[in-house]
Amino acid sequence: MSSGVPIRAEVWIKFQELRDGGLSRYAAAKKLSISQRAAKDFEDGVGSKVGRAAKAAYDLSKKPPVTPYEEMCDEAREAFYDIEVFAKRYFGLILMPWQVEATNVLMELLMSPYEEYVVINAPPGCGKSTFFTRILPAWATVKDRTIRGMIGSHTNRLAEWYTRRLKNEFEREQPVRAEAKDLKIGLALDAASTLVADYGRFKPDVKEVWRADQFTVAQPDDVPVSEKEPTWTCFGVDSGFLGGRFDLIVWDDLYDPRKMRTAEARDDLKRWWDEVAETRLEPGGLLILQGQRMAPDDIYRYALDKTLTDEQVDEEDELDEERGPFELEGKRYHHLVYQAHYEDRCEKLHKLGSPAYPEGCLLYPRRLNWRKLSHIQSQTPDRYAILYQQEDADPAVVLVDPLWVSGGVGVDGVEYQGCWDADRDLWELPRNLPGDVVIVATADPSPTKFWALQVWAYVPESGMRYLLESYRQKMDAPTFLDWNHTEGVFTGIAEEWWQRSVEMGHPIQYWIVEANAAQKFILQYNHFQRWSASRAVNLIPHYTHSRNKGDPKFGVQMLGPLYRHGLVRLPGRQRTEARPHALLLVNEVTKWTPEGSGASTDDCVMAQWFLEHNLPNIHISTGNVTPMWRPTWMTKKAG
């Protein structure tokens, strides 16, 4: 055999039998006249094609077949239906009540005939990654070997690591032994068995894929499934093309704050989520997006703010009326949120042996004890509120408490009326408004990025500010306003909105534009001067400086009391564009902080502040005959 003659498959099988019988590799190879190099390559899995096939066939012959349910032991049957028993028997892990609660909800949703989308937020250190990328996928596979699943993360490398760990569980022949420290404090115990021992073989024959990045489990009676996607596949945001469609998708810790430091990066992730990640779900499948909240505008908040289309709402209405906790109420995503500490359940008993949520106030008393949490809360309240309590931001430090917008009774006992007009659409005003109405448009332009534009109706007699339109996207000066020489007409958003306001019966009277950028993009154009003169629209340049922006009396903070007292009115009619447009502003004011640690963008906040900062300059009380203020260039003859 050392003379260059190919080694036959039966020789390699004999070699493996000798090795399993206790012989060393040297002794077994010498007995069969196999070179030491060939023997090493065989065992490393890099030998000849005949040798690799022989080894795979031998391994397959030594593994038990797939165990039918009728032949499973009683303990295996119990674990088949009970995730707590399953985790303890095969992984040596003691699940927390919140993990069992989440599993029950997810299994119900997985049985739904519709595509279901879920956001799960839980604090760091509560075992969510291990549970959602290892235990839950393993249990789902044991229950249904035909399932097609995907595990994803912000990098393909991390996703592959998760998939490799899962694959190893289907190969394990010795029960897991708990770490001494976890065993001592009762967080884990030695596993009682393995998946292979109780449920039979998972590794398929050589025809199926079995790699770290994707693998296909053996089916009953070895029915081939090569024409379908593997049982489990991994993908990362950096994987490039994301192919295949799946029954169960788990995205773990998708938001990487190190890569999300710019608005463009966050917008790119959201666009990728819409166009790639969400589209991979099979009909009747379940997509899970899980992780701890990282920022007020992270991917979890983006998903939670998604609404259903009219057609999707009609489909939901066809479901059973008693859908229980799965009622979406116009939202695309279900939300399962778990806080590190529950104030409403707290009785100031924070012992290590205290019961966990929902019986107690701590989600995971052993790992996230009150001594640790209270220190984080006192040192970094913003971090505690977002990362551990899964809130958008600490209500005590943001510009606008979300409760002031939604309405309800606050922790201070005050009942806030809220800011939503549920029956009002864009470009609509309530009937019979008292007194005059002043229509003001504002713009926060940018040379290269996004513009934020708004239109407001201010009613001096009542002090109400009615948002009529809110707009934010990339644009340039011609998109804002331009002159078509061929047709002799003005074009752009400024002209469109003016025409819309005329149809409404209240023409726009003022445009407040940040002059820092407007000097370059607007004031230099002659056609803008001609347009403002012909439309009787006054331009007010706004100069933003760090001093006036941060002034407690005249700066951005002046917006907070307006929301608190319900003086800001937002269009919120269902099944229209009103609420999504208004949320552009709401999502910023409820996350904005003076230190800039909340919202990633403040364009919409600035656009509203331009109105309030300049309102004393543009409002003329009834009976006042003082001429209306106009920029000096407006008094010149238009060209």
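The table below gives the values:
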read-out	value
Calculated FRET efficiency for the pair GLU359/GLN219, C-beta based, R₀ 35 Å, to 0.05	0.25
Integer Hz, Karplus 6.51/-1.76/1.60 couplings in order for the range 36-45, x for Gly and Pro	5, 5, 5, 5, 5, 4, 4, 6, 7, x
Furthest towards positive pole of dipole, VAL46, TYR58, LEU32, structure part the range 9-62, Cβ charges	LEU32
Share, in percent, of DSSP beta bridges within the chain that are antiparallel, nearest 5	40 percent
For the chain: relative contact order, % (alpha-carbon pairs under 8 angstrom, 6 or more apart)	12 percent
Å³ per residue enclosed by the Cα convex hull of the range 343-392	75 Å³
Any cysteine of the chain lacking a neighbouring Cys Cβ under 4.7 Å - listed by number	CYS73, CYS126, CYS234, CYS419, CYS604
Loop-located trypsin sites (Lys or Arg not before Pro) in the range 164-195, at most 12 other Cβ atoms within 10 Å (DSSP)	ARG177
Chymotrypsin sites (Phe, Trp or Tyr not before Pro) restricted to the range 97-190 and DSSP loop, no more than 10 other C-beta within 10 Å	none
Three-way shape label, the range 69-154, alpha-carbon gyration tensor, a/c 1.5	oblate
Mean separation of Cα contacts under 8 Å (6+ apart) over length of the range 30-184, as relative contact order %	17 percent
Rg to Rh quotient for the range 9-62, alpha carbon positions, Kirkwood Rh	0.92
Karplus-derived 3J(HN,Hα), 6.51/-1.76/1.60, for each residue of the range 266-278, Hz, glycine and proline x	5, 5, 5, 5, 5, 5, 4, 4, 5, 8, 10, 4, 5
Normalised alpha carbon radius of gyration of the chain [divisor 2.2 N^0.38 Å]	1.25
Cβ-derived FRET efficiency at R0 45 Å, ASP274 paired with LYS351, nearest 0.05	0.45
Candidates per trypsin sites (Lys or Arg not before Pro) in the range 50-136, loop by DSSP, up to 16 other Cβ within 10 Å	none
Three-way shape call for the range 139-244 based on the alpha-carbon gyration tensor, with the a/c threshold at 1.5	oblate
Relative contact order computed over the range 419-530 (Cα-Cα under 8 Å; 6+ residues apart), in percent	26 percent
In order through the range 91-102: 3J(HN,Hα) via Karplus (6.51 cos²θ - 1.76 cosθ + 1.60), integer Hz, x for Gly, Pro	10, x, 10, 9, 6, 7, x, 5, 5, 5, 4, 5
Span from the the range 123-153 Cα centroid across to the the range 55-122 one, whole angstrom	9 Å
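No lab work stands behind these numbers, since they all come straight from the coordinates. From a predicted model like this one, the values you see are computed outputs, not experimental measurements. Reconstructed Cβ throughout: ideal geometry from the backbone, glycine too, with neighbour counts over all protein chains shown.
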